[in-house]
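Encoded as structure tokens, the structure appears first; notes follow it.
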Amino acid sequence: PKGKAFVVAYGAGDDGKSTFANSLEKLFMPRKVACTTTLAQAASTHGAAYLKHARLLLLNESNGKISQTAIDFIKRLSGGDGVPMNQKHADITQGHIKAKLFLTCNHIPRFAPGAIDHALLKRIQGVQFYSVPKKDQDPFIEDALVANPSYLIRKAIKAFANLQNGNYEFANCKKDSL
């Protein structure tokens, strides 16, 4: 799907998902990152108002099932549609959130019964993280990633150029497991 994808990083644990997400948060600076604990929290009208100026939305989803409300929110957000926002002491308005979603979870997301949505499944770009034995883990990897943003920026630019050359089509991922 053109530009409507969002990342789901999944893995059993001790695999670097949180470290990578923490590095992204530091690189984007706190003013441009919103962190919430669940999709339900982000999808609430108060939560959506909180996301208004964010450019990256980091979500750490429990291993519960993704509800229809959360699916609707993800589709609106990843599709660039308006979402209801209720800022304190103000009327509910429709607003556009420009943040890109980055969801981390220990398992491939499960959908609540009857909530499976094939349009959403097309948008998921699954990235599996693999466990690293404790003896091979670098306790300073997060600092190293944040200390060298130019390397990450060069990689991001190269990836964006590849995306442009591919007519903004994301590379095929194993969708059968999602």
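We did not get these values from a lab; they are worked out from the coordinates using the rules stated. What you see is a predicted model; the values in this text were computed from it and never measured. Every residue, glycine as well, gets a Cβ built from its backbone with ideal geometry; the counts of neighbours run over all protein chains shown.
Note that the range 80-90 has calculated 3J(HN,Hα) couplings of x, 7, x, 10, x, 10, 10, 6, 3, 6, 9 Hz, one per residue in order, obtained from phi through the Karplus relation 6.51 cos²θ - 1.76 cosθ + 1.60 (θ = phi - 60°); glycine and proline are x. Counting only chymotrypsin sites (Phe, Trp or Tyr not before Pro) that DSSP places in a loop and that have at most 11 other Cβ atoms within 10 Å, the longest clean stretch of the chain runs over 1-129.
Return, ordered by residue number, the residues of the range 2-28 whose backbone nitrogen is under 18 Å from a label point located 7 Å along Cα→Cβ of Val146. Hits in the range 2-28 for Val146 at 18 Å: 16-28. Which of rounded, prolate or oblate describes the range 94-165 when judged by the alpha-carbon gyration tensor and an a/c cut-off of 1.5? Oblate is the answer for the range 94-165, as a/c is 1.5 or above yet b/c matches or exceeds a/b. Between amide H atoms placed 1.01 Å from N, distances below 5 Å from Arg55 occur with Val33, Ala34, all of them 5 or more places distant or on a separate chain. In the chain, the calculated helix contribution to ellipticity at 222 nm averages -10500 deg cm²/dmol per residue, counting -39,500 (n - 2.57) for every DSSP H run with n ≥ 4. Residues in the range 8-21 carry Karplus couplings, in order, of 10, 8, 9, x, 5, x, 6, 10, x, 4, 5, 4, 5, 4 Hz; the curve used is 6.51 cos²θ - 1.76 cosθ + 1.60 with θ = phi - 60°, and Gly or Pro positions show x. In summary, the lysines within cross-link reach of Lys158, defined as a Cα separation below 29 angstrom excluding same-chain residues under 8 places away, comprise Lys2, Lys4, Lys17, Lys26, Lys32, Lys52, Lys75, Lys98, Lys100, Lys122, Lys174, Lys175.
Against the longest principal axis of the chain, how steep is helix 149-165, in degrees 0 to 90 to the nearest 10, with axes from Cα atoms? It is inclined by approximately 60 degrees.
Among Ala21, Ala161, Ala43, the largest mean-square fluctuation in a Gaussian network model of the chain (Cα springs under 10 Å) belongs to Ala161. Across the chain, Cα-Cα distances exceeding 26 Å account for 33% of all pairs.
Relative contact order of the chain: 34 percent, from C-alpha pairs under 8 Å at least 6 residues apart in sequence. The angle separating the long axis of helix 68-79 from the principal Cα axis of greatest extent in the chain is about 70 degrees.
For trypsin sites (Lys or Arg not before Pro), the sites in the range 48-154 that DSSP calls loop and that have at most 10 other Cβ atoms within 10 Å are Lys88.
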